[in-house]
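Visitor: Sending over a structure as structure tokens; questions will come in a sec.
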Amino acid sequence: MLPLLNAVSSYSLLRGVHSPEAICRTAAELGYRIISITDRNNLYGYPLFIDACRRFGLKPLAGAEIDDKSGDSALVYADGPDGFSSLCSLVSERQLSESFSLAEALCVYGSGIVAVSESRALFDRCDDRVTLFYRQWRLRRFPEWVRKREIPAIIAPPAVFLNPDDIATHRMLRAIDTGSTLSRLREEDLFPDTALLQSPQMIAERFEVFDTAIAHTEAFADKVAASTTPETCIMPEVQQSERSAEILRECTMAGALWRYGTLDDRITGRIDHELELIVSKRFAGYFLIVDDIVRQSPRTCGRGSGAASIVAYSLGITNVDPIRYNLMFERFLNASRSDPPDIDIDFAWDERDGVLDYVFRKYGNDHAAMVATHQTCGARMAIREVARVYGRTEHEISAVTKKIPWFADLQSYSDDLETLLAAWPGLKEIPLDEPWPAILKDAGKIIGLPRGIGTHCGGVVITGCPIRSVAPLQRSAKGYQILQWEKDGTEAMGLVKIDLLGNRSLAVIRDAVRSVKKEFPDFDETRIDPQSDPATIELLAKGATMGVFYVESPAMRLLQRKSRRGDFEHLVIHSSIIRPAANKYIREYLHRLNGKPYRPLHPLIGKALEESYGIMVYQED
């Protein structure tokens, strides 16, 4: 049975029409067993593609279409782990190199690669160093040079459209991308109308005169190894990786002595317990790298479940004592958890870029990259772009788009934007006559499609191996090297994300401390205990917390006033219980806080829920 070797998804930006999931679902329904999505010069949708193949019972082949400025292009497939590493390197080189040459890159990164191309120049320059097939995707005779050299051919017509209506959407996307109108689109800018996903039997009938090429294609697809996501995490490592565990213990013990003054059995026992699990899961290098990054700023805040770790507290990554507040390390890491640790680190907002610069200086582009975001078309953007293709003026377009409600982005509304906007009060004085009905109909078809690549607000990946050998890279608008995957795809591919975030409150605290030190030079903020300060507790109990990060919302300030409690333990309960649909629990909590008797739901959880008055509040619960 023929495989599907040249499916094109919406991650071929402003070219493809459908998601990897929709393509894989349709391919499985048509009877395909083997599939490759070959988006142009990228692997943006690869994690979604692998997941879709797993769900629909398909064998996935990692691939991409790669071209260069000379006009050479090839469908490039990865055969096994070495091939995927080479494919990531090829895509990265294509995105990062100004003078990229496909032929030269294939010769350098050809290990585990199979290329399928019509370009004679590639065969002339790479034939003896890369596995190459001639690409047959049209019903025409093989060129003389292919027949003379007896080059084997692969059947790989493009599959872009799932139904004939997609052709019009594709044309709209191409007009948006080229800044053209529909009538001025060039044929070379478009996929042919025949690029419809057809069954394996229909493709075999269509190319039946090329029986040898059909046999080569089937054998090729069976032979190439299926692609997968990594089974283990690709952990960051320090240079002395073989001593990571030893170095981490030394740093933790020194930090614990600084934090606690003296070390009793409870502290050392907790440290031993955490380090045993951290080392067994090969996370020691991760902690050391996060520790190194945190040391680049005098004031940071590690948050999330990492606050439950005494190792993180001892290193100064977090600032909450997990023993004092009875925090469970197992919420952060436990033996049955397969995903890596995740610590979000806040820096003063005006220091974060300097910290990022340090990361790239120390670890270099060979080992560091930021995580991407995949930007999609919202309703405003879609309507604006389509209206331009229809020749509407910017003034006319803005009059409509600036009054569009935010919920127009929802998929449930995209099928009938005209009805939604006609009923929207903000647009009642703007006549949506021709061609607006057609504009809104076309815009609805592209809402939610990928539109571009941005940079995650703080996600950084550091690898011990060359990073382009495990992930495709490109350059961000700011000049940082970024992965082509967003955060979920990054984690699905086994990469460990470290979030380095900017926080304005830390800058306020820094500036306030600086002002205090001008009058009191001996002031040492590390030796004060704000959790025990009566004046601070009183302010919190009154709900006087405007400008205090995390506890300044109206609901939070109201709860503080109703409870009349400002100590840290109750503050944590309050910030955790403030959740949507939690009002009845909040009322019951306030009753119990003020003395209402209660019985535990069950004797076995009575002790566990004692501090929150028998009400489940925390994720640990």
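Visitor: Within region 257-277, can one find any residue that is at pLDDT below 95 and under 14 Å from residue 464 (Cα atoms)?
Guide: No: zero hits.
Visitor: Checking residue 332 against (1) of a type outside the set (Lys, Arg); (2) modelled with pLDDT of 95 or more; (3) surrounded by 19 or more Cβ atoms within 10 Å (Cβ to Cβ); (4) under 21 Å from residue 248 (Cα atoms): exactly one of these is not met. Which one?
Guide: Just one mismatch for residue 332, condition (2).
Visitor: Tell me, which residue of region 544-570 that is hydrophobic (A, V, I, L, M, F, W, C) and open to solvent by 50 Å² or more (accessible area, probe 1.4 Å) is nearest to residue 321 (Cα to Cα)?
Guide: Result: 568.
Visitor: Right, here's the next one. Which count do you get for residues in region 72-111 that are in a loop (DSSP other than H, G, I, E, B) and closer than 23 Å to residue 59 by Cα? Walk me through how you get there before you give the answer.
Guide: Taking region 72-111 first, the residues in a loop (DSSP other than H, G, I, E, B) are 72, 79, 97-101, 109-111.
Those still in the list that are closer than 23 Å to residue 59 by Cα too: 79, 110-111.
Counting residues in region 72-111 that are in a loop (DSSP other than H, G, I, E, B) and closer than 23 Å to residue 59 by Cα gives 3.
Visitor: For region 340-363, indicate whether the set of residues that are farther than 29 Å from residue 567 by Cα, touching a strand residue (DSSP E or B) at 6+ places or on another chain (Cβ under 7 Å) and part of a strand (DSSP E or B) is non-empty.
Guide: No, because not a single residue in region 340-363 is farther than 29 Å from residue 567 by Cα, touching a strand residue (DSSP E or B) at 6+ places or on another chain (Cβ under 7 Å) and part of a strand (DSSP E or B).
Visitor: Follow-up. Would you check which residues across region 451-482 are out of contact with any helix residue (DSSP H, G or I) (no Cβ under 7 Å at 6 or more places or on another chain), within 21 Å of residue 62 (Cα to Cα) and either at pLDDT below 95 or open to solvent by 30 Å² or more (accessible area, probe 1.4 Å) (or both) and list them?
Guide: Residues satisfying the conditions are 453, 465.
Visitor: Being β-branched (Val, Ile, Thr) and either surrounded by 13 or more Cβ atoms within 10 Å (Cβ to Cβ) or without any contact (Cβ under 8 Å) to a residue 24 or more places away in the chain (or both), is that true of even one residue in region 181-189?
Guide: no
Visitor: Can you confirm whether residue 418 is open to solvent by 10 Å² or more (accessible area, probe 1.4 Å), part of a helix (DSSP H, G or I), touching a helix residue (DSSP H, G or I) at 6+ places or on another chain (Cβ under 7 Å) and not small (Gly, Ala, Ser)?
Guide: Yes, satisfied.
Visitor: Mind listing whichever residues of region 149-167 are in a helix (DSSP H, G or I) and at pLDDT 95 or above?
Guide: Answer for region 149-167, where residues must be in a helix (DSSP H, G or I) and at pLDDT 95 or above: 166, 167.
Visitor: Looking at region 544-621, what helices (runs of 4 or more DSSP H) fall wholly within it and have at least 2 residues that are out of contact with any Asp or Glu (no Cβ under 7 Å at 6 or more places or on another chain) and more than 25 Å from residue 306 (Cβ to Cβ)?
Guide: Answer list for region 544-621: 554-563, 583-593, 603-606.
Visitor: Checking the conditions here, which among 400, 389 is open to solvent by 10 Å² or more (accessible area, probe 1.4 Å), in contact (Cβ under 8 Å) with a residue 24 or more places away in the chain, more than 30 Å from residue 100 (Cα to Cα) and of a type in the set (A, V, I, L, M)?
Guide: 389
Visitor: For region 403-415: of the residues being in contact with a helix residue (DSSP H, G or I) (Cβ under 9 Å, 6 or more places away or on another chain) and open to solvent by 70 Å² or more (accessible area, probe 1.4 Å), which is modelled with the highest pLDDT?
Guide: Among those residues, the one meeting the criterion is 403.
Visitor: Something else now. From 479, 464, grab the single residue that is without any contact (Cβ under 8 Å) to a residue 24 or more places away in the chain, farther than 30 Å from residue 181 by Cα and outside any helix (DSSP H, G or I).
Guide: Working: 464 fails: without any contact (Cβ under 8 Å) to a residue 24 or more places away in the chain.
Testing whether each residue is without any contact (Cβ under 8 Å) to a residue 24 or more places away in the chain, farther than 30 Å from residue 181 by Cα and outside any helix (DSSP H, G or I) leaves just 479.
Visitor: Give the residue, chosen from 43, 102, 30, 106, that is closer than 25 Å to residue 466 by Cβ, of a type in the set (A, V, I, L, M, F, W, C) and in contact (Cβ under 8 Å) with a residue 40 or more places away in the chain.
Guide: Every option except 43 fails the conditions.
Visitor: If you scan region 364-386, which residues turn out to be of a type in the set (A, V, I, L, M, F, W, C), surrounded by fewer than 23 Cβ atoms within 10 Å (Cβ to Cβ) and in a helix (DSSP H, G or I)?
Guide: 381, the sole residue that qualifies.
Visitor: Tell me, yes or no, whether region 516-532 has at least one residue that is part of a strand (DSSP E or B) and open to solvent by 60 Å² or more (accessible area, probe 1.4 Å). Talk me through it step by step, then tell me what you get.
Guide: Taking region 516-532 first, the residues part of a strand (DSSP E or B) are none.
No, every residue in region 516-532 fails to be part of a strand (DSSP E or B) and open to solvent by 60 Å² or more (accessible area, probe 1.4 Å).
Visitor: Could I ask something else about it? Tell me which helices (runs of 4 or more DSSP H) are completely within region 190-271 and hold 1 or more residues being of a type in the set (A, V, I, L, M) and over 30 Å from residue 321 (Cβ atoms), or say none if there are none. Step through it out loud before you land on a result.
Guide: Numbers: elements: 200-206, 211-223, 244-260.
By residue number, 200-206, 211-223.
Listed here are the residues, each with its yes/no results for (1) modelled with pLDDT of 90 or more; (2) part of a loop (DSSP other than H, G, I, E, B); (3) aromatic (Phe, Trp, Tyr); (4) in contact with a helix residue (DSSP H, G or I) (Cβ under 7 Å, 6 or more places away or on another chain).
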position	(1), (2), (3), (4)
301	no, no, no, yes
311	yes, no, no, yes
314	yes, no, no, yes
327	no, yes, no, yes
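Visitor: Which one is farthest from the chain's Cα centre (by Cα), of the residues in region 75-100 that are open to solvent by 20 Å² or more (accessible area, probe 1.4 Å) and hydroxyl-bearing (Ser, Thr, Tyr)?
Guide: 99
Visitor: Which of the residues spanning region 61-74 are open to solvent by less than 10 Å² (accessible area, probe 1.4 Å) and not hydrophobic (A, V, I, L, M, F, W, C)?
Guide: 63 - this is the single residue of region 61-74 that is open to solvent by less than 10 Å² (accessible area, probe 1.4 Å) and not hydrophobic (A, V, I, L, M, F, W, C).
Visitor: Let me ask something else about it. Residue pairs, Cβ under 7 Å, 6 or more apart or interchain, first in region 512-540 and within 18 Å of residue 551 (Cα to Cα) and of a type in the set (Asp, Glu), second part of a helix (DSSP H, G or I) and at pLDDT below 90. List them.
Guide: none
Visitor: Follow-up question, since we're still on this one. Select from region 101-134 the residues that are open to solvent by 30 Å² or more (accessible area, probe 1.4 Å) and under 20 Å from residue 217 (Cβ atoms) and list them in ascending order.
Guide: 118, 127, 131, 133
The values are calculated or read from the model by the stated rules, or taken from the named source; none is laboratory data. The model shown is predicted, which means the values in this text are computed figures rather than measured ones. With ideal geometry, Cβ positions are generated from the backbone for all residues, glycine too; neighbour counts draw on all protein chains shown. Accessible surface is based on the protein model in full, side chains and every heavy atom, while ligands, DNA and RNA are left aside. Shrake-Rupley method; radii C 1.70, N 1.55, O 1.52, S 1.80 Å.
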